[in-house]
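Since the structure comes first, as structure tokens, the remarks are kept for the end.
Computed from the coordinates by the stated procedures, all read-outs in this text should not be read as laboratory data. As the structure is a prediction and not an experimental result, all values here were calculated from the model. Counting neighbours? That spans all protein chains shown, and the Cβs are built from the backbone with ideal geometry, glycine included.
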Amino acid sequence: MYAVIGAGPMGLATARNLSKQGLPFVGYELNGDVGGLWDIDNPHSTMYETAHLISSKRMTEFREFPMDERVATYPHHAELKRYFQDYARHFGLYDHYQFHTRVMSVTPEGDGWRVTVEQDGEQSSRYFDGVLIASGTLHTPNRPALPGHFDGEILHAREYRDPSLFQDKRVLIVGCGNSACDMAVDAVHQA
């Protein structure tokens, strides 16, 4: 028996591959649905209202489950959330996941692992032959210490949701990743 931690794109791909190999598994997801960061309703998501996929749907989709023709070439985050939900339904992955479940610890035990989880305030643990971790890299903001003093508002990209936040403000965006570039475009129209 294997444990899969996370139900975002990588967790779902991992779960699907275990399923195809006939390997039993249990999935644990902190949120109430699949999709990971692509689920803007997930309180741990880094998604914002104007976000779109930066690679085409054909370069991103699971080969065995193409995106619908009606989906935009560069899908909006809501289309991706639906796609991951449809994928999980189509391959029966929902049946393997425990949602609203926080993994508290993963510790070696014998030839396997002891996974302790918390669900509805109750803790339980279970032994697994292997643990596959797909909890995402953007869950916790990295806020480097900066010298000096600043009295204005400082936000991490994880806290950004809507361009109206920039309305009539002077804005400095630090970073040049995909999210920073998207936010700069949003700010141009508002700030």
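So here's what we get for this one:
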item: Per-pair calculated FRET efficiency, R0 = 22 Å: His52 and Asp86 via Cβ, rounded to 0.05; result: 0.75
item: Length gained when the stretch Gln119-Phe150 is fully extended (0.36 nm per residue, less Cα-Cα span); result: 7.1 nm
item: Rel. contact order, % - alpha carbon contacts under 8 angstrom, at least six apart, the chain; result: 24 percent
item: Alpha-carbon Debye profile of segment 35-191, log10 I(q)/I(0) at 0.08, 0.21 Å⁻¹; result: -0.35, -1.36
item: For peptides 27-37, 8-18, sequence by mean Cβ density within 10 Å, most packed first; result: 27-37, 8-18
item: Nearby lysines by direct alpha-carbon distance to Lys57 (threshold 18 angstrom, same-chain neighbours under 8 apart not counted); result: Lys81
item: Segments 90-97, 59-66, 146-153 sorted - mean Cβ within 10 Å per residue, highest first; result: 90-97, 59-66, 146-153
item: Computed FRET value (nearest 0.05) for Asp41 with Phe65, which takes r as the C-beta separation and R₀ as 22 Å; result: 0.50
item: Crossing angle, helix 9-20 versus the chain [Cα axis fit, 0-90 degrees, rounded to tens]; result: 20 degrees
item: Alpha-carbon centroid distance for the pair segment 1-59 / segment 95-155, whole angstrom; result: 14 Å
